[in-house]
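Single-structure report; data block below.
The values are calculated or read from the model by the stated rules, or taken from the named source; none is laboratory data. Only a predicted model underlies this, so the values are computations on that prediction, with no experimental measurement involved. Using ideal geometry, Cβ is built from the backbone for each residue, glycine included, and neighbour counts are taken over all protein chains shown. To get the accessible areas, we keep the full protein, side chains included, count just its heavy atoms, and leave off ligands, DNA and RNA. Shrake-Rupley method; radii C 1.70, N 1.55, O 1.52, S 1.80 Å.
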Amino acid sequence: MTPREIIAEAWAITRREPSLRRWGYFSSFFETLFALKLICYQAYFAYSYFVSGKSVGFFDDFIWLYDNVAGWVFYTIIITFCVLLVIEWFVPHLATGAIIGLSAKAHNHEKMQGGLVLALYNFFPIFTIHEFLILGGLPMVITICSVILRYIPGQVKWLMVGLVVLFWILSNVLKFLFSFAQPSVVVEKTGIFIAMGQSFKLVVSYLSQVMFLLLLLVVISVRIFLNTLIILVVPGIVFGITLLLGTFLSAALTWIIGSIVGFALVLIASYFFGYLHVFRDAVWTITFLELRKHKDLDHIG
């Protein structure tokens with residue numbers, strides 16, 4: 001298949017298969033919630049540090065809740081927050097296995113069954129690959145840099161920030177070279193490091209035929225930009241609505257309405273990101289399947 005045909009096939013599968021889109025929505029929703037938490041925390045830290053002139057800690061909000069709300073409300077909020085955090089951390093890894101496996105089945109015209117089995121069976125290897133490249137994510141890098149700037153004294157903190165940015169660039173280069181690692185794990189059941197090596201070999205061997213990946217990277221860049229924009233805009237919209245309603249409604253009712261509006265905005269954003277998430281994984285999966293039909297270039301005879 002030509003690059004144009006692969007992209008067309010991936011988009012057709014994305015639009016045709018509702019089970020794939022459901023996994024995409026599911027993953028994007030929790031990814032967006034997790035990123036929102038990180039960005040909101042860093043915005044709070046930046047405002048306190050640069051505007052208020054005071055250094056704040058990770059648990060200041062929990063201390064404030066403990067001092068100002070009833071005990072059962074405090075523990076309900078803390079338990080809900082921790083449970084959500086665990087779900088947001090693990091669910092995207094589960095969804096990735098299902099999306100890749102179902103994309104391969106759709107490309108091979110097989111029955112679209114077994115999404116949950118694919119998700120559970122491939123969770124640990126996909127989780128390991130993701131965490132190996134954890135510094136490739138922009139929200140995580142922002143969080144680490146924030147911690148360094150707030151807690152490391154002297155000029156050495158700027159050197160550490162530079163190293164984090166350098167590792168972020170390196171992680172993104174490796175993420176490109178390991179693009180086929182996850183499809184290899186899901187489709188061929190290879191080990192983690194074997195899959196990484198196989199992905200590196202495929203990218204290098206067929207680089208001239210895989211130039212369409214640059215187009216995919218543009219799509220991913222647009223997704224990241226939109227994701228970042230939405231993540232930054234959603235808290236602003238919710239904060240503005242909360243301030244407006246607070247002028248004539250009670251504090252409790254204001255926070256309830258603000259939370260509902262914020263949740264609705266996250267759902268809308270996740271709907272669009274779900275399409276892009278499935279499309280991206282489908283492109284890599286179909287490309288992997290097509291490239292694996294060729295003989296390895298280091299095999300002779």
Taking 93-100, 176-183 and ranking on average Cβ neighbours within 10 Å, highest first, one gets 93-100, 176-183
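Ordering M196, M140, M160 from largest to smallest accessible area (1.4 angstrom probe), what's the sequence? Let's see the in-between values first.
On the way: M196 15, M140 40, M160 70 Å².
Largest accessible area first, the residues go M160, M140, M196.
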In Hz, Karplus ³J(HN,Hα) per residue of segment 160-169 (6.51, -1.76, 1.60; θ = phi - 60°; x = Gly, Pro) | 5, 4, x, 5, 4, 5, 4, 5, 5, 5
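Rounded, prolate or oblate: pick one for segment 74-202, where a ≥ b ≥ c are the square roots of the eigenvalues of its C-alpha gyration tensor, a/c under 1.5 means rounded, and failing that, prolate if a/b is larger than b/c, else oblate. Write out the running numbers ahead of the final one.
On the way: a/c = 3.52, a/b = 1.46, b/c = 2.42.
Oblate, since a/c reaches 1.5 and b/c is not below a/b.
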Got a sec? What order do I260, I126, I78 fall in by accessible area at 1.4 Å, biggest, i.e. largest, first?
-> I260, I78, I126
Gain on full stretching of the segment that runs from L207 to K111 - 0.36 nm per residue minus C-alpha separation = 31.3 nm
As a Kirkwood estimate from alpha-carbon pairs, segment 78-127 has a hydrodynamic radius in angstrom of 11.7
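Just the number, please: carbon plus sulfur as a percent of the accessible area of segment 72-190, 1.4 Å probe, no ligands or DNA/RNA counted. All intermediate terms of the calculation are to be shown ahead of the outcome.
Numbers: 4880 of 6210 Å².
Its accessible area is 79 percent carbon and sulfur atoms.
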Expressed in nanometres to one decimal, the distance between label points 7 Å along Cα→Cβ at T76 and S19 is 3.8
